[in-house]
1. Which of the residues belonging to segment 10-34 are farther than 19 Å from Ala44 by Cβ and surrounded by fewer than 10 Cβ atoms within 10 Å (Cβ to Cβ)?
2. Between residues in segment 1-24 that are closer than 17 Å to Tyr35 by Cβ and of a type in the set (Val, Ile, Thr) and residues that are at pLDDT 85 or above and surrounded by 12 or more Cβ atoms within 10 Å (Cβ to Cβ), which pairs lie under 6 Å by C-beta distance while being six or more apart or on different chains?
3. Would segment 16-23 turn up any residue that is modelled with pLDDT of 95 or more, on the phi > 0 side of the Ramachandran plot and either out of contact with any Pro (no Cβ under 8 Å at 6 or more places or on another chain) or not in a helix (DSSP H, G or I) (or both)?
Amino acid sequence: MSVKKQHLPQKICVVCQRPFTWRKKWAKVWDQVKYCSERCRRAARSLAHRKKHHH
């Protein structure tokens with residue numbers, strides 16, 4: 001018998017556009033979570049950085 005996991009909230013990562021699921025570590029900050037991983041978070045920072053310097 002397979003136990004169905006409760007349906008957890010999902011979001012789309014703003015960097016890689018892939019869906020990701022709620023995690024315990026984000027319980028308090030879920031509203032602010034935009035990235036599926038630390039890697040995407042860093043990528044977003046460097047992308048924003050590059051955009052600023054291109055005129």
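The values are calculated or read from the model by the stated rules, or taken from the named source; none is laboratory data. Everything quoted here is computed from the prediction, not taken from an experiment. Don't worry about glycine lacking a Cβ; one is built from the backbone with ideal geometry, like all the others, and counts go over all protein chains shown.
1. The answer is Lys24, Ala27, Lys28.
2. Final answer for the pair search is Val14/Lys34; Val15/Tyr35; Val15/Cys40; Val15/Ala43; Val15/Ala44.
3. So far as segment 16-23 goes, yes, one or more of its residues are modelled with pLDDT of 95 or more, on the phi > 0 side of the Ramachandran plot and either out of contact with any Pro (no Cβ under 8 Å at 6 or more places or on another chain) or not in a helix (DSSP H, G or I) (or both).
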